[in-house]
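Step one of this worksheet: look at the structure below.
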Amino acid sequence: MDFLRQHRRSTLLLFLLLANVSIWYAVLAQSRHGFLTVAVLNIGQGDAIFIEAPNGNQIIVDGGPDQKLLSELGHVMPFYDRSIDMIINTNPDSDHYAGFLDLLKSYKVGEFMESGTVSDTPTYHELEKTVAEKHIPKIIAKRGMKIVLDKDVSLYVLYPDRDVSNWTSNNGSIVMKLVYGNTSFLLQGDATAEVEKYLISLEKSPESRSYGGLSGQVLKVGHHGSRTSTSEEYVEAVSPEYAAISDGKNNRYGHPHKETLDTLSKNNVKILRTDLQGRIIFESDGETIAVK
């Protein structure tokens, strides 16, 4: 009888402890409301960005190369949160989407956006098949689209502006601008210097006035810091305070390339790298951006 009584008491204490932890986790999560969180996740050689608006709406831009995405989400999302409002695949290279395959097994996803470039790999066909089987609405990104996350938070599609189904994955990569109040983030995917030059040519177009053109405090550097992206002309146009580079430690491509680092340094941009710093978390209150 004493053993049973002690067992019940231990079980009750464990239940109360878990309940207390859950309550405080929810309180702490709620206390960050009012802030926009943009986390460049540490998923190795690839891209994965978690975005959470002040009201709790969430988007993941790219899924990284493997299941590391899930472990990284455990650091930026409450364990009980199993839904994502939208996932975006900027291009069909596996280092941008493979992690979504595991995500879709464990999370409810509201919408799926992709660039429209085509991949014939079995893994990408599996992603498309899973999205269809789960009846997740699919959107082809097009310049001028505006995704409203919160009252003062919107994600604008800057590129592509045409059908890119027959283009290379990098030249067709989605480029977006995330705006919260007076702060903004340029999210480049794997966009090349050629795409950057084209975006500069469109900077004075009428629709660009609605999101403030290309300027932004944070530039998520294109193609993991490859020399094929992040032209000096583009860095000058964006004029960022921070550059975030998503790359794997000792990767076989040599990313980020010295040319890219030199261009950013020449323009007095603070460089943050996942291979050196790990997960990079930005928080914005609509007026200023801080690195956490």
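The values are calculated or read from the model by the stated rules, or taken from the named source; none is laboratory data. Fair warning: this is a prediction, and the values are worked out from it, not measured in the lab. Cβ: placed from backbone, ideal geometry, glycine included. Neighbour counts: every protein chain shown.
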Check your understanding: How many residues does the stretch 133-173 contain that are acidic (Asp, Glu) and surrounded by fewer than 12 Cβ atoms within 10 Å (Cβ to Cβ)?
Key -> 1
**Study point:** Leading residue by the ranking (nearest to residue 87 (Cα to Cα)) among those in the stretch 179-209 that are in contact with a helix residue (DSSP H, G or I) (Cβ under 8 Å, 6 or more places away or on another chain) and polar (S, T, N, Q)
**Key:** 188
Exercise for review: Return the only residue of 138, 129, 105 being closer than 22 Å to residue 77 by Cα and either of a type in the set (Lys, Arg) or over 19 Å from the mean Cα position of the chain (by Cα) (or both).
Suggested key: 105
Review point. Pairs, please: C-beta under 6 Å, at least 6 apart or cross-chain, first residue part of a helix (DSSP H, G or I) and in the stretch 61-83, second aromatic (Phe, Trp, Tyr) and at pLDDT 95 or above?
Key: 76/50
Study note, to complete from the structure: By residue number, the members of the stretch 113-132 that are outside any helix (DSSP H, G or I), surrounded by fewer than 16 Cβ atoms within 10 Å (Cβ to Cβ) and charged (D, E, K, R) are 120
Practice item. Report, ordered by the first and then the second residue, all pairs with beta carbons closer than 6 Å, sequence separation of six or more or different chains, a first member in the stretch 214-230 that is on the phi < 0 side of the Ramachandran plot and surrounded by 23 or more Cβ atoms within 10 Å (Cβ to Cβ), and a second member that is part of a loop (DSSP other than H, G, I, E, B) and among the small types (Gly, Ala, Ser). Key: 222/191; 222/229
Point to revise | Of the criteria (1) over 19 Å from residue 91 (Cα atoms); (2) touching a residue at least 60 places away in the same chain (Cβ under 8 Å); (3) over 18 Å from the mean Cα position of the chain (by Cα), which one residue 276 fails | key: (2)
Review point. So residue 176 fits all but one of (1) under 23 Å from residue 221 (Cα atoms); (2) free of Cβ contacts under 8 Å to residues at least 60 places away in the same chain; (3) out of contact with any helix residue (DSSP H, G or I) (no Cβ under 8 Å at 6 or more places or on another chain); (4) surrounded by 15 or more Cβ atoms within 10 Å (Cβ to Cβ); what number is the exception?
Key: (2)
**Study point:** Odd one out for residue 88 among (1) crowded, with 21+ Cβ neighbours inside 10 Å; (2) in contact with a helix residue (DSSP H, G or I) (Cβ under 9 Å, 6 or more places away or on another chain); (3) under 23 Å from residue 219 (Cβ atoms)
**Key:** (2)
Revision key, fill the gap. Considering only strands (runs of 3 or more DSSP E) wholly within the stretch 204-273, the ones with at least 3 residues that are basic (Lys, Arg) and closer than 27 Å to residue 290 by Cβ are none
Review point. Scanning for something closer than 18 Å to residue 285 by Cα, of a type in the set (S, T, N, Q), modelled with pLDDT of 95 or more and not in a helix (DSSP H, G or I), does the stretch 175-182 turn up at least one residue?
Key: yes
